[in-house]
Amino acid sequence: MNNSVRSSARLLGAGLRALLVLTALCGALYPLAVTGAAQTLFPDRANGSEVRADGRVVGSDLIGQRYGLPLKKGQETAAPDLKWFQPRPSNGLGENSVNTRYKLLLSGATNLAGDNKELIKQIKTAKAAVIRDNSTAGHRVRPADVPADAVTSSGSGLDPHISPAYADLQVRRVAARNHLLVARVQKLVDDHTDGRVLGFVGDPRVNVLRLNVALKELTGQAGKG
């Protein structure tokens, strides 16, 4: 009987010591080491790839956001503020009544098949809006000029990038709305176009948030000039 009690006590003691050691290693030392290494080697990425403007955080490089007008009475979705470059649609986030359309970190696609009537209707509606919104005096956008990312959401619904073609499509409208020369706005897009990773991975892309931060700086400079 005594041997059995002593054996059980030893096992309990060994299990308790293992719990304390593993808790210290895995619950404290390892997270501290990983956090310290991340903050030392990749501080920007470790802190969420934050984008700052005017001394404050305005978003993340990794998460798309919308640029809309204040929501009017009776509206479910705010109209886009056309003085800014617009991201691609985020239709996959439209079903949740709390975390809707880029406001919080809800990720998801539409999950609609390519021949789904609702998806086809969404794309046609979005295409008509892109043509209407981006046509300016003396320049009408042709349906053939509208790239796919202008009318379709990404797999996550949170894509922060658009294609250079979609950014170029918006240049004339952004220039007109901000009373800027088209050439200046086009240069802004060109300067914020990232090429393929390592020269061959992925596609060229434009980060909409960083582009709009630069646009705000440009409009401020133009206003002072």
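The values are calculated or read from the model by the stated rules, or taken from the named source; none is laboratory data. Keep in mind the model is a prediction, meaning the values are calculated, not measured. Glycine also receives a Cβ, built like all others from the backbone with ideal geometry; neighbour counts cover every protein chain displayed.
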Legend entry - the stretch 115-141 - residue that is in a helix (DSSP H, G or I) and among the polar types (S, T, N, Q) and, of those, surrounded by the fewest Cβ atoms within 10 Å (Cβ to Cβ): T125
Inset, instruction - State whether the residues of the stretch 36-51 include one that is in a strand (DSSP E or B) and among the aliphatic types (A, V, I, L, M). - result: yes
Inset, instruction - Could you please find all residues in the stretch 142-162 being within 14 Å of the chain's Cα centre (by Cα) and in a loop (DSSP other than H, G, I, E, B)? - result: S153, S154, G155, S156, G157, L158, D159, P160
Inset, instruction - Kindly list the number of the only condition in (1) out of contact with any strand residue (DSSP E or B) (no Cβ under 8 Å at 6 or more places or on another chain); (2) outside any loop (DSSP other than H, G, I, E, B); (3) loosely packed, with under 12 Cβ neighbours inside 10 Å that fails for V57. - result: (1)
Inset, instruction - Look at the stretch 191-209 and say how many of its residues are more than 18 Å from the chain's Cα centre (by Cα) and among the acidic types (D, E). - result: 1
Legend entry - Filter result for the condition that a residue is among the basic types (K, R) and within 12 Å of R88 (Cα to Cα), over K187, K117, K127, K121: K127
Inset, instruction - Could you grab me the full set of residues in the stretch 171-197 that are closer than 28 Å to G48 by Cα, of a type outside the set (A, V, I, L, M, F, W, C) and in contact with a helix residue (DSSP H, G or I) (Cβ under 8 Å, 6 or more places away or on another chain)? - result: D191, H192, T193
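Conditions tested, residue by residue: (1) part of a loop (DSSP other than H, G, I, E, B); (2) in contact with a Leu (Cβ under 9 Å, 6 or more places away or on another chain); (3) among the small types (G, A, S); (4) within 22 Å of L211 (Cβ to Cβ).
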{"site": "L12", "(1), (2), (3), (4)": "no, no, no, no"}
{"site": "A18", "(1), (2), (3), (4)": "no, no, yes, no"}
{"site": "A24", "(1), (2), (3), (4)": "no, no, yes, no"}
{"site": "Q65", "(1), (2), (3), (4)": "yes, yes, no, yes"}
{"site": "L71", "(1), (2), (3), (4)": "yes, no, no, no"}
{"site": "E76", "(1), (2), (3), (4)": "yes, no, no, no"}
{"site": "K83", "(1), (2), (3), (4)": "yes, yes, no, yes"}
{"site": "P89", "(1), (2), (3), (4)": "yes, no, no, yes"}
Inset, instruction - Search the stretch 74-87 for residues being modelled with pLDDT of 80 or more, over 19 Å from D149 (Cβ atoms) and not hydrophobic (A, V, I, L, M, F, W, C), and hand back the single one that is surrounded by the fewest Cβ atoms within 10 Å (Cβ to Cβ). - result: D81
Legend entry - Qualifying positions in the stretch 37-51 - loosely packed, with under 11 Cβ neighbours inside 10 Å, over 20 Å from the mean Cα position of the chain (by Cα) and not aliphatic (A, V, I, L, M): T40
Inset, instruction - Report whether or not A38 is closer than 28 Å to V208 by Cβ and not assigned by TED's automatic domain parsing to the domain that holds V208. - result: yes
Inset, instruction - Could you check, for the stretch 192-211, whether at least one of its residues is β-branched (V, I, T) and touching a Leu at 6+ places or on another chain (Cβ under 8 Å)? - result: no
Legend entry - Filter pass, V185 being at pLDDT 95 or above and buried (at least 17 other Cβ atoms within 10 Å of the Cβ): yes
Inset, instruction - Please work out which residue is surrounded by the fewest Cβ atoms within 10 Å (Cβ to Cβ), limiting yourself to the stretch 142-167 and to residues that are out of contact with any strand residue (DSSP E or B) (no Cβ under 8 Å at 6 or more places or on another chain) and among the acidic types (D, E). - result: D145
Inset, instruction - Could you please tell me which pairs satisfy a Cβ distance under 9 Å, a separation of 6+ or placement on different chains, a first residue in the stretch 199-224 that is more than 16 Å from P164 (Cβ to Cβ) and aliphatic (A, V, I, L, M), and a second residue that is part of a helix (DSSP H, G or I) and at pLDDT 85 or above? - result: L218/N178; L218/R184; L218/V185; L218/L188; A222/N178; A222/R184
